[in-house]
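These notes are about the structure you will find just below.
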Amino acid sequence: MNSDRQQQDPDAAPARRGRARVEGAKRTEILVAATERFGRNGYEDTKWADIASDVGVGPTALYHYFESKQHCLYVIMDQAIEGFRSRFEQLSADADPLQALASVMEDCFELSEHDVQRNRVLVAEQGLLSRRSNSPREEEARQAARSRTRDLEFAWASFLSQAMAQGAIPKSDPRLLTRAILGLYNSVWHWYRPNGIVTLSSVAAFFTDRCLALIGVPPEAAGRARAAA
């Protein structure tokens, strides 16, 4: 019966695709607005109704896209971590480990103001990923973000381990080194503000040098790698 109706109505499929595009665009708009609110005001101090107002819908309409404010937060975190992992895997594929390291570190600071806000949210609310949710949709999103985090850490540790095996950097525990690097990077988003007196380019230069030193790259080699990246 359903297939007969679809054959009789050739406009049905395009109409469904059109609605899906509109809903996808609105979902993205909500995620952007929520990121800005969470980044500026903090997750706890942001009201679900404020986000609805920002995107021009009623508060109840948000539940068509997200089960709750926390569900929305988990999706933001999941997407942010996946973005980091994807860029890391692309840049770390460079044949020269030191150039790859320099490229990865510099890329980590090539951010828009929205990206900075998303990093602030990710770092500030990371602890929420350890709390189980009774909501199936929230729990699915939470587990996805946790899995992405593990994938990112594994990708970093694997890359560092290979660089050590090639003699490009001193040998140490790649898992501990990964957490030290990510911890140093994440610390920036606790205090950095796009309109502050310290520019992002200054922060990038300082922290890239510190991370390369932490890895054990001599200053001369770090300079050459950054110049070639």
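Observations, loosely collected:
- All told, Ser147 falls short of being outside any helix (DSSP H, G or I) and under 16 Å from Asp78 (Cα atoms).
- Cβ-Cβ contacts under 7 Å between residues 6 or more apart (or on different chains), taken from a first residue in the stretch 174-188 that is over 18 Å from Leu111 (Cα atoms) to a second residue that is among the polar types (S, T, N, Q), are listed as Pro174/Ser161.
- Out of Ala168, Ala180, sole residue that is of a type in the set (A, V, I, L, M, F, W, C) and modelled with pLDDT under 95: Ala168
- The stretch 175-229: number of residues that are of a type in the set (Ser, Thr, Tyr) and in contact with an Asp or Glu (Cβ under 7 Å, 6 or more places away or on another chain): 2
- Matching helices (runs of 4 or more DSSP H) fully within the stretch 20-123 where at least 3 residues are more than 30 Å from Gln162 (Cα to Cα): 48-54, 69-91
- Tabulated pairs, the stretch 37-49, first more than 22 Å from Gly196 (Cβ to Cβ), second surrounded by 12 or more Cβ atoms within 10 Å (Cβ to Cβ), C-beta under 6 angstrom, 6+ apart or interchain: Trp48/Pro59; Trp48/Lys69; Ala49/Pro59
- For the stretch 163-178, the set of residues classified as part of a helix (DSSP H, G or I) and loosely packed, with under 14 Cβ neighbours inside 10 Å consists of Ala165, Leu176, listed by residue number.
- Conditions (1) touching a residue at least 40 places away in the same chain (Cβ under 8 Å); (2) closer than 19 Å to Ser92 by Cβ; (3) not in a helix (DSSP H, G or I): number failed by Ala204: (3)
- Within the stretch 134-142, the presence of at least one residue that is among the polar types (S, T, N, Q) and touching a residue at least 40 places away in the same chain (Cβ under 8 Å) is confirmed.
- Residues of the stretch 124-138 that are surrounded by 17 or more Cβ atoms within 10 Å (Cβ to Cβ), in a helix (DSSP H, G or I) and of a type in the set (D, E, K, R): Glu138 alone.
Listed here are the residues, each with its yes/no results for (1) among the β-branched types (Val, Ile, Thr); (2) at pLDDT below 95; (3) surrounded by fewer than 17 Cβ atoms within 10 Å (Cβ to Cβ).
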site	(1), (2), (3)
Arg87	no, yes, yes
Pro97	no, yes, no
Ala102	no, yes, no
Met105	no, yes, no
His114	no, yes, yes
Arg146	no, no, yes
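The values are calculated or read from the model by the stated rules, or taken from the named source; none is laboratory data. Predicted model, so just to flag it, every value in this text is computed and none were measured. Cβ sites come from the backbone with ideal geometry, for glycine too, and all protein chains shown count toward neighbours.
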